[in-house]
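Notes follow once the structure below has been shown.
The values are calculated or read from the model by the stated rules, or taken from the named source; none is laboratory data. Quantities reported herein were computed from a predicted structural model and do not represent experimental measurements. Every residue, glycine among them, receives a Cβ derived from its backbone with ideal geometry; neighbour counts consider all protein chains shown.
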Amino acid sequence: MIPGVSQRRRFSDLSEREILALAISSEEDDARIYRSYAERLRPDYPDSARIFEDMAREEDLHRQRLIDKHRERFGEVIPLVRREHVSGYYARRPVWLVQNLGLERIREEAEMMERDAHNFYLEAAKRTRDAGTRKLLGDLAAAEAGHTVSAEKLTGDHLGDETKEAESRTAHRQFVLTWVQPGLAGLMDGSVSTLAPIFATAFATQDTWTTFLVGLAASVGAGISMGFTEAASDDGRISGRGSPVKRGIASGVMTAVGGLGHALPYLIPHFWTATIIALVVVFLELWAIAWIQKKYMETPFFRAAFQVVLGGALVLAAGVLIGSS
């Protein structure tokens, strides 16, 4: 069983009733998010706040239309199906909990929400055989596309020349979702998870060639596992994360690179020279991960550094202690 795959239902396995239930819960969540944005913007940007209030009311209308369709076809009881229950379904980042959230960031999140919803309804319509349900889902896809235009207008009067083109934002987001996120996950896994076996072998045997072989096997094996897991966990059609092949390659290659970085120094025959170089490489790897998290994932640098460096140091210490015992 591939880790992480069995915990959720695949979108392709959902029945039409479950697809409607998923759409209902998603519309309810999005309406709440828009009302949170409106509340945040109201003191400084009352006009933009009213746009979000209107968008929230329209989401409520979408939800009611979906409920009516479910009642018509399947009765009163709506199954509890939420985003987190479906593999590959788009997730909403809890940015509305962040204090002092800027207007540009809110606009970007709103555009992303509407693109995700638009893609979902298009895919859901393809899986529906009932003509009335298919028409409803198609109408909602068109409505969500219209919401994207509203979101793009939110900051036109406030940002002026600083507003980036929608195409560049979309391209950047797609790059992050398809390459950076899976690559970063692979780099973290490869850099950290291989520390213990490599340094345990090094200090247990003090044989550089044996240590290199163990590191090579651990890195390549972890790369293959992470690559297949990433590719199999999400086909990218609903989440918008792009080709599973590309994501699998990014995750697998970076996992192998993360492990090989501190395995390659053990090609040097002298044990302590190889070990010191490997430790320097580990230090650089962990700080590089923290920098990537800060640049692309908007994680505060010191928090990322603390999490990654501390975790890596603990795994490294465990490997050294086990190997030296």
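Answer yes if at least one residue in the range 267-287 is under 18 Å from the mean Cα position of the chain (by Cα) and outside the structural domain of Glu114 (by TED's automatic domain parsing), and no otherwise. No, because not a single residue in the range 267-287 is under 18 Å from the mean Cα position of the chain (by Cα) and outside the structural domain of Glu114 (by TED's automatic domain parsing).
Conditions (1) at pLDDT 85 or above; (2) closer than 27 Å to His172 by Cα, marked per residue:
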| position | (1), (2) |
| --- | --- |
| Thr275 | yes, no |
| Ala278 | yes, no |
| Leu284 | yes, yes |
| Ile289 | yes, yes |
| Ile292 | yes, yes |
| Ala304 | no, yes |
| Ala318 | yes, no |
| Ile322 | yes, no |
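Counting only helices (runs of 4 or more DSSP H) wholly contained in the range 164-252, the ones carrying 2 or more residues that are modelled with pLDDT of 85 or more and either within 30 Å of Leu267 (Cβ to Cβ) or in the same structural domain as Lys295 (by TED's automatic domain parsing) (or both) occupy 181-193, 195-205, 208-233. If you go through the range 288-310 and keep only what is closer than 30 Å to Asp207 by Cα and surrounded by 15 or more Cβ atoms within 10 Å (Cβ to Cβ), you end up with Ala288, Ile289, Val308, Val309.
From Arg73, Arg50, which residue is in contact (Cβ under 8 Å) with a residue 60 or more places away in the chain, of a type in the set (Lys, Arg), assigned to a helix (DSSP H, G or I) and surrounded by fewer than 17 Cβ atoms within 10 Å (Cβ to Cβ)? First the steps, then the outcome.
Numbers: Arg50 fails: in contact (Cβ under 8 Å) with a residue 60 or more places away in the chain.
Just a single option satisfies the conditions, and that option is Arg73.
Within the range 250-296, the set of residues being out of contact with any helix residue (DSSP H, G or I) (no Cβ under 6 Å at 6 or more places or on another chain) and charged (D, E, K, R) comprises just one member, Lys295. Residues in the range 311-321 that are among the β-branched types (Val, Ile, Thr) and in contact with a Phe, Trp or Tyr (Cβ under 8 Å, 6 or more places away or on another chain): Val320 only.
Taking the range 224-259 as the range and being among the aliphatic types (A, V, I, L, M) and more than 18 Å from Gly190 (Cβ to Cβ) as the test, the residues that pass are Ala232, Ile238, Val245. Number of residues in the range 183-234 that are among the charged types (D, E, K, R), under 30 Å from Arg9 (Cβ atoms) and surrounded by fewer than 18 Cβ atoms within 10 Å (Cβ to Cβ) equals 0.
Of all the numbered requirements in (1) surrounded by 16 or more Cβ atoms within 10 Å (Cβ to Cβ); (2) modelled with pLDDT under 90; (3) part of a helix (DSSP H, G or I), Gly146 misses one, and that requirement is (1). Picking from residues in the range 257-279 that are out of contact with any Phe, Trp or Tyr (no Cβ under 9 Å at 6 or more places or on another chain) and buried (at least 24 other Cβ atoms within 10 Å of the Cβ), the one that is nearest to Tyr89 (Cα to Cα) is Gly258.
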